[in-house]
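*Asks:* Sharing a structure with you now.
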Amino acid sequence: MTTHRTDAAIKQDILDELKLDPKVTETEIGVTVKDGAVTLTGNIPLYSHKHAANQAAKRIKSVRSIVDNVQVGIPALMGGMVNWRDNHLQSLSIRSLSKSVISIQNLIQREPMRD
């Protein structure tokens, strides 16, 4: 016989799991449950924290599905979150690396050969 768990009990179990995970602050993650379907929301700084929150919800046996609406970003200076998408990070990395290569090439060209 399968016992039916209430949405409130499932939510509390997920919040308890989040409290146990050092990667996630349970106040960063919003949890709603409707008929065993869990929705996670919130803004967190790292993808590993998002993954940890998702895994915490998956560990609860009564969870039927998970919708992960957690946003990853860095808090902006004037409120809100700055989203760091992969293509944006790639663009910043390439720009930074090309400046470094140009700087090294200029330095090499200016330095006289020493014996």
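*Asks:* For His51, His4, what ranking results if the residue with the fewest other Cβ atoms within 10 Å of its Cβ goes first?
*Replies:* His4, His51
*Asks:* List the lysines whose alpha-carbon lies under 25 Å from that of Lys58, not counting same-chain residues fewer than 8 positions away?
*Replies:* Straight-distance partners of Lys58: Lys11, Lys19, Lys23, Lys34, Lys50.
*Asks:* Return the long-range amide H neighbours of Gly42 (sequence gap of 5 or more, or a different chain), with a cut-off of under 5 Å between placed amide H atoms.
*Replies:* Gly30, Gln71
*Asks:* Which net charge results for the neighbourhood of Arg64, defined as the other residues with beta-carbon distances under 15 angstrom from its beta-carbon, given Lys and Arg at +1 and Asp and Glu at -1?
*Replies:* Counting the neighbours of Arg64, the net charge comes to +2.
*Asks:* Provide, for q = 0.14, 0.22, 0.24, 0.25 Å⁻¹, the log10 of I(q)/I(0) from a solvent-free Debye sum over equal Cα point scatterers in the range 1-63.
*Replies:* Values, matching the q order: -0.36, -0.82, -0.95, -1.02.
*Asks:* Further question on the same structure: Name the residues of the range 3-33 whose amide N is less than 16 Å from a point 7 angstrom out from the Cα of Gln71 along the C-beta direction?
*Replies:* Flagged as within label range: 28-31.
*Asks:* Another question about this same structure. Kindly put Asp13, Asp21 in sequence by how many other C-beta atoms sit within 10 Å of each C-beta, fewest to most.
*Replies:* Placing the least packed residue first, the sequence is Asp21, Asp13.
*Asks:* If you don't mind, there's one more thing I want to ask. About the Cα centre of the range 7-83, what is the dipole size in debye to 20, counting +1 per Lys and Arg Cβ and -1 per Asp and Glu Cβ, all else neutral?
*Replies:* 160 debye
Computed from the coordinates by the stated procedures, all read-outs in this text should not be read as laboratory data. These figures come from a predicted structure and were not determined experimentally. Note that each Cβ is placed from the backbone with ideal geometry, even for glycine, and that neighbours are counted across all protein chains shown.
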